């Protein structure tokens, strides 16, 4: 999967990584930064998505499309698609350009909408990645869990970097008896949840 990254996609990834690194060091206000996952988190979620059981793949929070590129790799390998939601107009424009240049429009569906209004319409969900405004994590988790298939995965970013803000949400998930869950110390921290019931 990783050895099959097309040069155009690799170039997009490098460009977004450079922008993100610059924004973090030059004083760019947080609200204007891309706030994307680091490369190691991208690889991690791609491997998880590629291993998920059958069902829809959704991403909450596209930003400029960096994490979506990693998920697109997995989607192409699995012969499926990823639907990604973003509400910020400036980031939607960046994401559209990212997907066009990277050549992943065949496996990525970019939706300019609040994911909370659309998750229920996906039917069975096999994989869900949440990386958006922290105050919507809990609602997105609740909605995704209603559709998550046995063995399905939900991953929430920033579980370590924003631990103080997300602690009530993290505690809720870790005590949810419908899932096996843990915080994985990769990148800014990934809260990984797997719905019980699926047998290999």
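Details
- Top-ranked residue in the range 136-146 [being free of Cβ contacts under 8 Å to residues at least 60 places away in the same chain and out of contact with any helix residue (DSSP H, G or I) (no Cβ under 6 Å at 6 or more places or on another chain); ranked as surrounded by the most Cβ atoms within 10 Å (Cβ to Cβ)]: 141
- All conditions in (1) within 13 Å of the chain's Cα centre (by Cα); (2) under 16 Å from residue 42 (Cα atoms) hold for residue 102, with the sole exception of (1).
- Checklist (1) surrounded by fewer than 14 Cβ atoms within 10 Å (Cβ to Cβ); (2) touching a residue at least 24 places away in the same chain (Cβ under 8 Å); (3) not in a helix (DSSP H, G or I) applied to residue 105, failing item: (2)
- Unique match (being in contact (Cβ under 8 Å) with a residue 40 or more places away in the chain, out of contact with any helix residue (DSSP H, G or I) (no Cβ under 6 Å at 6 or more places or on another chain) and exposed (fewer than 14 other Cβ atoms within 10 Å of the Cβ)) among 133, 97, 89: 133
- Lone qualifier among 120, 156, 181 - being in a helix (DSSP H, G or I) and in contact with a helix residue (DSSP H, G or I) (Cβ under 8 Å, 6 or more places away or on another chain): 120
- Just one of (1) out of contact with any helix residue (DSSP H, G or I) (no Cβ under 7 Å at 6 or more places or on another chain); (2) part of a loop (DSSP other than H, G, I, E, B); (3) under 30 Å from residue 24 (Cβ atoms) fails for residue 187. It is (1).
- When 74, 52, 46, 64 are checked against the criterion of being within 19 Å of residue 14 (Cα to Cα) and in a loop (DSSP other than H, G, I, E, B), 64 stands alone in meeting it.
The numbers here are math on the coordinates, done by the rules we state, and not lab data. The structure displayed is predicted, hence computed values, not measured ones. Methodologically, a virtual Cβ is constructed for each residue, glycine included, from the backbone with ideal geometry; neighbour enumeration extends over all protein chains shown.
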